[in-house]
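The values are calculated or read from the model by the stated rules, or taken from the named source; none is laboratory data. Because the structure is predicted, anything quoted here is derived from the model rather than measured. As a convention, Cβ positions derive from the backbone with ideal geometry for all residues, glycine included, and neighbour counts pool all protein chains shown. For the accessible areas, the whole protein counts, side chains as well, though only heavy atoms, and no ligand, DNA or RNA atoms are used. Shrake-Rupley method; radii C 1.70, N 1.55, O 1.52, S 1.80 Å.
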Amino acid sequence: TQSTWGKRLVHEKMVEFKYVTQIVFLAVYGSVLYAAFPPESQPLIRNLKSGLGAAFLVMIAQSMLKPYDTIFYRPHESVWRAISRIGLIYLAILVFLLFQTPGDARHLLSYLYPDLGKPVERGMHTYDDNCEFTLENITDNMDHYFLAHLINWTLAALILRDYYVLHFWSLLDEVLELSWQHFLPHFRECWWDHVLLDVIMTNTVGIFIGMQLVRILKMKEYDWLGRKGTTSWLQWDLWLNHRRFGGLCYMIFVISCNFLTGFFLMNALWVPPKNPMTVYRLLLWFFAGCLAFRELYEDVSTWGTPQRAKQPVPAQHRWLIWSITVLEIFCSFKFGRGAGHYGTDPTPLPVVIGWGVAVPAALSYYFYLRFFKKPYVAKTKKQ
């Protein structure tokens, strides 16, 4: 009928316009990142004006994407909408900071906390001075980071809600520390610190507490790997669905960068570990992560289903958290110059080989699923 044809035409135009807005955002975002690295140093006033202008541009381009609706309704959807706006404000702050020089960026933070803007003392506690396996050494390393690890993994469980993925992430964090300890000495730990204090006593316990809270609060548990209804790990939906495999790779990239920039960005801006800014950043990432990863889960779990054809999954929170991730990486790189506390040892060969094999292998398998395998169709239960 004419009405049906009209609805179809409107839908096609909306889909076409959706990709236009994404392209516009990427163009603006890429231009801002390029402009933040001028060939010559600029005066402070010009950097301040450029930073404000760039922040406005990114906010406007971000507003062209879909409205910031949410699928969370507890305690109230208005709370989650407010959290989305806070994430946008943080995005604008990062854009503004990126246009400043390293010295000016650190000095600006001193207006928030007078103790900032000066190098962090080197007399901080280190974790590889004495690796003898004794009770005294173990208790000596149980400082504020021990409690922070426990709280972080409890919150992480509330975000990801999948034992399999959480334990994989727990081990991945230790691999990241080992991979970057030649560059950031703060990652250097004794073997028993990695195994006993991190993986067993804080990560695993925090994951257990968080998953119990998920069940007590009757929150939805996630199945990121597509394990339900299968009898072998080879049958997991992860290996068949490019959307699920790509979504998991996206999630690993984001949480890995979040973990690393939590140290590199704070070190580059001379923010001590006990400064409240580190807590504010983690809380913002927790709430923004709840929105983005729930959105991602709905995307990968409904792909190829009739439900998905009727109700597309928006991506505004994934765009937001991806934008923040990239900006934190760029800020860490730009402000890291002259920050100190960095090692000068070359990257170990096993690290180069390991990541040099893992990353191309994951990308190759994704492209195989996406372009060479038969289109994925979700299995439906027999009625």
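Separation of the stretch 241-262 from the stretch 163-209 is 17 Å, based on Cα centroids. Put a plus charge on the Cβ of each Lys and Arg, a minus charge on the Cβ of each Asp and Glu, and nothing anywhere else: the dipole of the chain about its Cα centre is then about 2440 debye.
Measuring only protein heavy atoms, the 1.4 Å probe finds Ile159 accessible over about 20 Å². Residues Tyr34, Tyr368, sorted by accessible area with the largest first, give Tyr34, Tyr368 [1.4 Å probe; ligands and nucleic acids excluded]. Among residues other than Phe37 with Cβ under 14 Å from its Cβ, the summed charge is +1 (Lys and Arg +1, Asp and Glu -1). Given the pairs Lys228/Lys274; Lys220/Lys334; Lys218/Lys374; Lys220/Lys310; Lys49/Lys118; Lys334/Lys374, which are separated by over 32 angstrom at their Cα positions? Result: Lys228/Lys274; Lys220/Lys334; Lys218/Lys374; Lys334/Lys374 exceed 32 Å.
Shown here are the Rg and Dmax of the Cα trace of the stretch 36-171, at 21.3, 58 Å. Its alpha carbons give the stretch 130-186 an Rg and a Dmax of 13.8, 36 Å. Each residue of the stretch 213-230 was assigned a 3J(HN,Hα) from its phi angle through the Karplus expression (A = 6.51, B = -1.76, C = 1.60, θ = phi - 60°), giving 5, 4, 6, 5, 7, 6, 8, 6, 7, 9, 10, 5, 8, x, 7, 4, x, 10 Hz with x at Gly and Pro. Projecting the Cα atoms of Ala157, Leu116, Val24 onto the dipole axis of the chain, where Lys and Arg carry +1 and Asp and Glu carry -1 at the beta carbon, places Val24 farthest toward the positive end.
The order of Phe168, Phe293 by accessible area, most exposed first and with a 1.4 Å probe, is Phe168, Phe293. Its residue count N fixes a reference of 2.2 N^0.38 Å for the stretch 120-269, and the Cα radius of gyration divided by that reference is 1.17. Gain on full extension, evaluated as 0.36 nm per residue between Cys249 and Ile200 minus their Cα-Cα distance, stands at 15.1 nm.
Within the chain, the cysteines lacking any other cysteine Cβ closer than 4.7 Å to their own Cβ are Cys249, Cys257, Cys290, Cys331. Taking the radius of gyration and the Kirkwood hydrodynamic radius from Cα positions alone, what is the Rg/Rh ratio for the chain, to two decimal places? That ratio is 0.98, to two decimals.
Between Phe333 and Thr305, the modelled labels are 3.8 nm apart [label points 7 Å from Cα along Cα→Cβ].
Using heavy atoms of the protein chains and a probe of 1.4 Å, the accessible area assigned to His76 is about 100 Å².
Heavy-atom accessible area, probed at 1.4 angstrom with all protein chains present, ranks Asp128, Asp143, Asp173 as Asp128, Asp143, Asp173, highest first.
Per residue, the chain exposes 56 Å² of solvent-accessible protein surface, assessed with a 1.4 angstrom probe and all protein chains in place. As a length-normalised measure over Cα pairs under 8 Å and 6 or more apart, the relative contact order of the chain settles at 21 percent.
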